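First up is the structure itself, then whatever we jot down about it.
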Amino acid sequence: MLRFENVSFRYAEDDFSMMEHLNFQVEDGEFATIIGASGCGKSTIFRLINGLEKLQQGRILVDERPVQELKNYSAFMPQKDLLFPWRTIEKNICLPMELAKTPKAEQEAKCKEVLEQVGLLAYAKKYPKDLSGGMKQRVAFARTLLSGADLLLLDEPFSALDYLTRVDMQEWLLHQWEHYHKTILFITHDVEEAVFLSKTIFIIQDRPFSKMERVEVPLPYPRNREDLKRPEIVELKEQLIEKLRRSVSL
Amino acid sequence: MRKHLPALLLAAALLVLWQIIAGIIDAAYILPSPTQICVRLWELREPLFLVHLPATMSVTGLGLLISIVLGVLLAVAMDWNPHIERALYPVIVASQTIPTTAIAPLFILWFGYSIWSKVLVTILITFFPIAITVFDGFKATKREMEELLLTYGASKREVFFKLKLPTALPNFFSAIKMAIPMSVIGAAIAEWLGAQEGLGYFSKRMMTQLDGAGVFAPVVLLSVAAMIAVGIVTVLEYKCIHWRKEI
């Protein structure tokens with residue numbers, strides 16, 4: 001689905017590279033998470049995929065085609081909900097379709113369907129100020145879904161939420177992923193979140209990084225929070241935390 | 001009403017104080033009392049309301065309208081292209097260093113006593129706050145929101161209409177509210193310097209007759225007109241951008 005081939009990148013204002021000759025790939029329909037310390041370059045990977053930063057070296061392929069040749073191949077969901085306060089919930093959700101010039105009737109039908117799926121149909125005519133933090137993130141996810149892309153890039157989408165809402169949202173996200181069969185690349189620095197959600201975890205340990213260690217989470221789907229108490233999962237979490245701590249102290 | 005109570009009480013106290021001081025001075029040509037001004041306003045109601053108020057409001061309205069169009073166009077142009085911003089911004093700022101009262105007679109030489117000499121003064125005074133405040137509104141657009149739109153494939157034009165324009169709306173309303181009193185002042189100054197009708201002209205005429213209350217009457221009328229206009233814009237603002245605090 002997504003493949004990085006020899007990707008190197010350096011911000012113009014920095015005197016060091018963010019990544020050098022990076023290679024990794026994410027399979028179709030996979031839920032993969034990238035973890036690493038703050039400032040290690042996790043978000044740069046997303047910015048390169050969605051074209052916000054210009055590729056300097058190497059290739060990024062989606063479905064075996066370079067991203068420069070593609071349109072609407074990925075949808076980005078940032079940490080903040082970034083809902084437009086002057087638009088109603090349904091108008092916010094329709095934004096990517098509006099930009100893609102989707103016919104009005106189709107926009108309305110898809111919007112209604114996705115709002116029903118995320119449990120917010122009753123809020124279609126409300127404004128973002130009328131919603132709680134968790135609800136806003138659900139709307140932001142619905143908007144991401146309606147971009148029509150099969151690759152979803154979720155950059156710490158729950159980090160601004162309180163613990164209980166975050167836990168609810170993680171379970172909700174897994175449910176949505178199973179329903180929509182999208183490929184999700186997720187960024188977090190919360191190890192427990194990464195383990196609970198992902199099939200695959202990529203760990204960034206160095207800077208500049210040329211590889212990300214790939215760890216498979218030995219848990220089948222559907223999952224529940226009780227699974228996190230299994231001895232092999234507890235051990236995996238400890239190992240991941242230890243690796244991240246080592247990378248921070250580097 | 002309750003929140004306006006302190007302001008109303010202060011205004012009432014100042015009026016009472018004014019009335020007392022005017023009574024002590026007892027020279028209406030120097031300081032007329034508020035009651036004398038009200039009486040004069042009533043006596044002069046026909047020329048004030050039927051001739052001079054419409055004349056001044058025409059200057060104010062026309063000047064403000066042209067200023068809004070000009071100011072917003074300049075703001076859009078400066079936001080659209082950094083080269084235009086670098087070229088225009090200093091010129092716009094420099095235009096504000098021109099003393100309006102000094103240049104207004106020149107406008108009268110150019111346009112005579114027609115409405116345009118006065119409209120030009122009004123424009124010169126009001127286009128600056130509109131252009132700069134609206135431009136600042138465009139600049140206040142959140143970068144993350146702009147990037148989000150770009151990831152959806154939005155063009156520069158779509159980013160402008162779907163994001164920058166709504167983001168700048170609160171600034172636009174603030175600019176109008178600032179510009180209204182300034183446009184009234186501009187029109188009055190221009191009429192004061194050379195006109196055949198208008199509240200500024202009328203006030204000057206009353207001064208030559210040493211009619212203190214007659215000088216104040218059109219000034220009161222100007223203030224009330226400006227306050228009503230600002231009030232209307234505030235109501236419109238509340239209706240249009242109820243989401244203002246969410247930005």
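The values are calculated or read from the model by the stated rules, or taken from the named source; none is laboratory data. Computed from a predicted structure; not experimentally measured. Counting neighbours? That spans all protein chains shown, and the Cβs are built from the backbone with ideal geometry, glycine included. Note: areas computed on protein heavy atoms with side chains; ligands, DNA, RNA excluded. Shrake-Rupley method; radii C 1.70, N 1.55, O 1.52, S 1.80 Å.
All conditions but one from (1) open to solvent by less than 50 Å² (accessible area, probe 1.4 Å); (2) in a helix (DSSP H, G or I); (3) under 30 Å from B:Ile21 (Cβ atoms) apply to B:Gly61; the one that does not is (3).
Every residue in region A:24-50 that is open to solvent by 50 Å² or more (accessible area, probe 1.4 Å) and either at pLDDT below 90 or among the hydrophobic types (A, V, I, L, M, F, W, C) (or both), please. Listed by number, the list holds a single entry, A:Ser38. Within region A:81-101, the set of residues being open to solvent by 40 Å² or more (accessible area, probe 1.4 Å) and within 14 Å of A:Arg138 (Cβ to Cβ) comprises just one member, A:Glu90.
A:Glu90 fulfils the conditions (1) within 28 Å of A:Thr188 (Cβ to Cβ); (2) more than 12 Å from every other protein chain (Cβ to nearest Cβ); (3) in contact with a helix residue (DSSP H, G or I) (Cβ under 7 Å, 6 or more places away or on another chain); (4) among the acidic types (Asp, Glu) except for a single criterion, (1). Restricting attention to region A:1-52, the residues that are under 19 Å from A:Met77 (Cα atoms) and of a type in the set (A, V, I, L, M) total 10.
Residue-by-condition table, conditions (1) part of a helix (DSSP H, G or I); (2) touching a residue at least 60 places away in the same chain (Cβ under 8 Å); (3) not aliphatic (A, V, I, L, M):
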| position | (1), (2), (3) |
| --- | --- |
| B:Ile176 | yes, yes, no |
| B:Gly186 | yes, yes, yes |
| B:Glu191 | yes, yes, yes |
| B:Met206 | yes, no, no |
| B:Val219 | yes, no, no |
| B:Leu222 | yes, yes, no |
| B:Lys239 | yes, no, yes |
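Results for (1) free of Cβ contacts under 8 Å to residues at least 24 places away in the same chain; (2) not aliphatic (A, V, I, L, M), shown as yes or no for each residue.
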| site | (1), (2) |
| --- | --- |
| A:Asn23 | no, yes |
| A:Ile35 | no, no |
| A:Ser43 | no, yes |
| A:Glu69 | yes, yes |
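On the basis of being in contact (Cβ under 8 Å) with a residue 40 or more places away in the chain and in a helix (DSSP H, G or I), does A:Glu178 make the cut? Judged against the criteria, A:Glu178 is a match.
Out of curiosity, is A:Glu108 among the acidic types (Asp, Glu), farther than 20 Å from B:Leu149 by Cβ and surrounded by fewer than 20 Cβ atoms within 10 Å (Cβ to Cβ)? The answer is yes for A:Glu108.
Before we move on, is A:Ile233 over 24 Å from A:Val114 (Cα atoms), at pLDDT 85 or above and touching a Cys at 6+ places or on another chain (Cβ under 6 Å)? In short, no. Scanning region A:111-123 for residues that are surrounded by fewer than 17 Cβ atoms within 10 Å (Cβ to Cβ) and aliphatic (A, V, I, L, M), we see that the one that is nearest to the other protein chains (Cβ to nearest Cβ) is A:Ala122. For region A:154-176, the count of residues that are of a type outside the set (Asp, Glu), within 14 Å of another protein chain (Cβ to nearest Cβ), open to solvent by less than 10 Å² (accessible area, probe 1.4 Å) and under 25 Å from A:Asn72 (Cβ atoms) is nonzero. Go through region A:125-145 and give me each residue that's over 15 Å from the mean Cα position of the chain (by Cα) and within 12 Å of another protein chain (Cβ to nearest Cβ). Those that are over 15 Å from the mean Cα position of the chain (by Cα) and within 12 Å of another protein chain (Cβ to nearest Cβ): A:Lys126, A:Tyr127, A:Pro128, A:Lys129, A:Asp130, A:Leu131, A:Lys136. Being open to solvent by less than 30 Å² (accessible area, probe 1.4 Å), within 14 Å of another protein chain (Cβ to nearest Cβ) and either farther than 30 Å from A:Leu48 by Cβ or of a type in the set (A, V, I, L, M) (or both) is not true of B:Ala179.
When each of B:Phe128, B:Phe107, B:Phe138, B:Phe111 is tested for being more than 14 Å from every other protein chain (Cβ to nearest Cβ), open to solvent by less than 20 Å² (accessible area, probe 1.4 Å) and either modelled with pLDDT under 90 or on the phi > 0 side of the Ramachandran plot (or both), the lone residue that passes is B:Phe107.
In the set (1) aliphatic (A, V, I, L, M); (2) loosely packed, with under 15 Cβ neighbours inside 10 Å; (3) over 20 Å from the mean Cα position of the chain (by Cα), the condition left unmet by B:Leu31 is number (2). Among the candidates A:Ser17, A:Ser74, A:Ser8, single out the residue that is within 14 Å of another protein chain (Cβ to nearest Cβ), open to solvent by less than 40 Å² (accessible area, probe 1.4 Å) and among the hydroxyl-bearing types (Ser, Thr, Tyr). One residue alone meets the criteria, A:Ser74. The condition of being without any contact (Cβ under 8 Å) to a residue 12 or more places away in the chain and either part of a helix (DSSP H, G or I) or not aromatic (Phe, Trp, Tyr) (or both) holds for only one of B:Pro47, B:Pro105, B:Pro90, that being B:Pro90. When B:Leu169, B:Leu163, B:Leu150 are checked against the criterion of being part of a helix (DSSP H, G or I), within 14 Å of chain A (Cβ to nearest Cβ), open to solvent by less than 10 Å² (accessible area, probe 1.4 Å) and at pLDDT 90 or above, B:Leu163 stands alone in meeting it.
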